Amino acid sequence: MEDDAAHHLGRVLRAQVGQLYELSNGERVRLARIEKVTRDRVEFALLEELPSHQPSLNVALLVSVVKFDMFEWAIEKATELGVATIVPLTAARSEKALLAAAPKRAERWKKILLEASQQSRRVRAPLLSEIQKPESAFASSNEGVRVLLSERSEISPMRKVLEGQRATKAYLAIGPEGGWTDSEFEAARRNGFQEASLGRSILRTETAVIAALASLNYALSAD
């Protein structure tokens, strides 16, 4: 292990020779023992392979950009809940100043996903997609279960929308504060998304992410 990762392990976490760590190459997990620690390099001896788990449900989270502290909390928890892909959305009602600054946050967001993956013992971190307009993201979502969270009062609850569904791929779209516009609703419908409600309470984006992902995992996961 070299450069920033080695510096963090050696200087911040104060790793020492003889300590055991779990290492992953994105496919397998191995137990490893530290053999040598220098300023920018940590050397390991690889030991036995450990059991690893890949979720049976592949979830892509299409989530609108909101205030960065809330957005980053949401993608961290989404990682812990097993999402495979995160697609930040430039929804019509997202704050324009946030959208202008969002591309500069990509490296920070990738670091958050990596650290959350390590904390939750995932084999690999989620893929962070480039920021997209909702219409483009909806059009690319062409298989599996597709759910768009909605605040409209006449919409069926999520448990009913997911009832009886069977899939290994799912797309979950969550709008910004202020909700989706009519044109975004129409674009989602054209591309096979079903509107679903999480109840009568109006949830913040980061709360909706956790509630909806937990519901998807419960309804569709075979694990």
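At 15 Å minimum axial length over the Cα atoms and a Kyte-Doolittle cut of 0.0, report the qualifying DSSP H helices in the chain, or say none.
Working: long enough: 68-80 (18 Å, -0.30); 106-119 (20 Å, -0.88); 205-220 (22 Å, 1.16).
Helices meeting the criterion: 205-220.
Out of all DSSP beta bridges with both ends in the stretch 58-220, state the antiparallel percent to the nearest 5.
On the way: 0 of 22 bridges.
Roughly 0 percent of the beta bridges in the stretch 58-220 run antiparallel, per DSSP.
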Starting from the alpha-carbon convex hull of the chain, give the projected area averaged over all orientations, in nm². 13.1
Can you tell me the dipole magnitude for the stretch 156-223 around its Cα centre, using point charges on the Cβ only (Lys, Arg +1; Asp, Glu -1), in Debye to the nearest 20? 240
If each part is reduced to its alpha-carbon centroid, the stretch 91-114 and the stretch 1-31 end up apart, in Å, by 28
Residue separation between M70 and E27 times 0.36 nm, minus their alpha-carbon distance, gives in nm 12.4 nm
Residue by residue through the stretch 155-168, what is 3J(HN,Hα) from phi via Karplus (6.51 cos²θ - 1.76 cosθ + 1.60, θ = phi - 60°)? Round to whole Hz and write x for glycine and proline. 7, 5, x, 4, 4, 6, 4, 8, 4, x, 6, 9, 6, 10
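Using per-residue counts of other Cβ atoms within 10 Å, averaged over each peptide, order 7-14, 84-91 from highest down. Each step should come with its number before you reach the end.
Values: 7-14: 13.1, 84-91: 21.8.
Highest mean packing first, the order is 84-91, 7-14.
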Choice from L46, L61, L172 showing the highest fluctuation, given a GNM over the chain with Cα pairs closer than 10 Å: L46
If you take the beta carbon distance between L13 and S136 as r and set R0 to 30 Å, what does 1/(1 + (r/R0)^6) give as a FRET efficiency, to the nearest 0.05? 0.15
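For the stretch 104-195, what is Rg from Cα atoms divided by 2.2 N^0.38 Å, rounded to two decimals? Could you put the intermediate results ahead of the total?
Numbers: Rg = 15.3 Å, N = 92, 2.2 N^0.38 = 12.3 Å.
Cα Rg divided by the expected 2.2 N^0.38 Å: 1.25.
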With springs only between Cα atoms under 10 Å, which of R93, R124, R28 fluctuates most in a Gaussian network model of the chain? R28
Using a simple spin-label model with points 7 Å from Cα along the Cα→Cβ vector, what separation in nm is obtained for T38 and E163? 6.4
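For the stretch 58-220, what is the charge dipole size about the Cα centre, in debye to the nearest 20, if Lys and Arg each add +1 at the Cβ and Asp and Glu each add -1 at the Cβ? Please list the in-between numbers first.
Numbers: 23 positive and 19 negative charges, 73 e Å.
Rounded to the nearest 20 debye, it is 360 debye.
Given Cβ point charges of +1 (Lys, Arg) and -1 (Asp, Glu) and nothing else, what value in debye, to the nearest 20, does the dipole of the stretch 3-50 about its Cα centre take? Numbers along the way, then the final one.
Working: 8 positive and 9 negative charges, 51 e Å.
Roughly 240 debye for the stretch 3-50.
If the chain between E143 and S221 were fully stretched, how many nm would it gain, using 0.36 nm times the residue separation less the Cα-Cα distance?
Working: separation 78, 0.36 × 78 = 28.08 nm, distance 1.62 nm.
Gain on stretching E143 to S221: 26.5 nm.
Quick note: the coordinates plus some simple rules give every number you see, no bench work behind them. These numbers were taken from a predicted model, which means no experiment stands behind them. Every residue, glycine among them, receives a Cβ derived from its backbone with ideal geometry; neighbour counts consider all protein chains shown.
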